[in-house]
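The values are calculated or read from the model by the stated rules, or taken from the named source; none is laboratory data. Values in this document were obtained by computation on a predicted structure and should not be read as measured data. All Cβ positions, glycine included, derive from the backbone under ideal geometry; neighbour counts span all protein chains shown. The protein model used for the area step is the full one, side chains on, heavy atoms only, and it has no ligands, DNA or RNA in it. Shrake-Rupley method; radii C 1.70, N 1.55, O 1.52, S 1.80 Å.
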Amino acid sequence: MTRRIHAILAAGAALALAATLTSCGGDEGPGAVEKDLAERCGGRISAGSLDLRFEEGTEAEAQGAWHKDGRGQCRVSANDERDWWTPFSMEVTVGDSAEAVEALRRRSCATTRDDPGLYLGYADGEGFCSAYLSRGESAGYQARGSVGRYFVDIRLPGRRPGLPGDPEKKARETFSRVMDDLRDYYKV
């Protein structure tokens, strides 16, 4: 009888964990927040490009606003009993030309690369650069990129580079997927 109760409790716990991960993203595909974010980002990113996972009891909401010229922003705000934070934010601005925006991206990336005390773990990607901003309220991973005449600023929270689990790798992979989505959306 005791074994049966333990087996039932273990199965119940596994189902509860699976339901939690499904509602917030995970192995079963994007969760409700990720799907809502894809919509709030005006279709610019796909729900599967982010891997947003939240602890049980965390409330998360996607927000976004876009203009006809393609500029705008979208983000996820989350809170639990301890704090509010932003698990993802993206801002897209529009420039005069693709050349001008690419020049802005190169200058921005050079500034980031040249200040390793402030920006840790600098890396170049396809059409973007990323690093960990180590000070201030906006500490976390930041990517700046260009997609045609659009300049992109993406931010993710995360642990400092160089810690176990290679936290910078996950951020770079997310940035790369989002930039691929933006290239598809803007047909660049």
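Computed 3J(HN,Hα) for the stretch 53-68, one whole-Hz value per residue from the Karplus formula 6.51 cos²θ - 1.76 cosθ + 1.60 where θ = phi - 60°, is 10, 10, 5, 4, x, 7, 9, 9, 9, 8, 9, x, 8, 9, 9, 4, glycine and proline marked x. Once both labels are positioned 7 Å from their Cα atoms along Cα-to-Cβ, the gap between Lys187 and Arg71 label points is 2.2 nm. Per-residue SASA remark: Asp114, around 120 Å² accessible (1.4 Å probe; ligands, DNA and RNA not included). Over the C-alpha atoms of the stretch 120-188, the Rg to Rh ratio, Rh being the Kirkwood estimate, stands at 0.99. Surface composition of the stretch 93-188: carbon plus sulfur atoms hold 50% of the accessible area, using a 1.4 angstrom probe and ignoring ligands, DNA and RNA.
Using a probe of 1.4 angstrom and keeping all protein chains present, the accessible surface of the stretch 37-188 works out to 54 square angstrom per residue. For GluC sites (Glu not before Pro), the sites in the stretch 36-73 that DSSP calls loop and that have at most 12 other Cβ atoms within 10 Å are Glu55, Glu56.
Summarising the label geometry, the points placed 7 Å from Cα in the beta-carbon direction at Asn79 and Glu61 lie 0.8 nm from one another. Dipole of the stretch 16-162 computed with +1 at Lys/Arg Cβ and -1 at Asp/Glu Cβ about the Cα centre; of Thr112, Trp66, Tyr141, farthest Cα towards the positive end is Thr112.
Within the stretch 93-165, the GluC sites (Glu not before Pro) that combine a DSSP coil assignment with at most 15 other C-beta atoms in a 10 angstrom radius are Glu126, Glu137.
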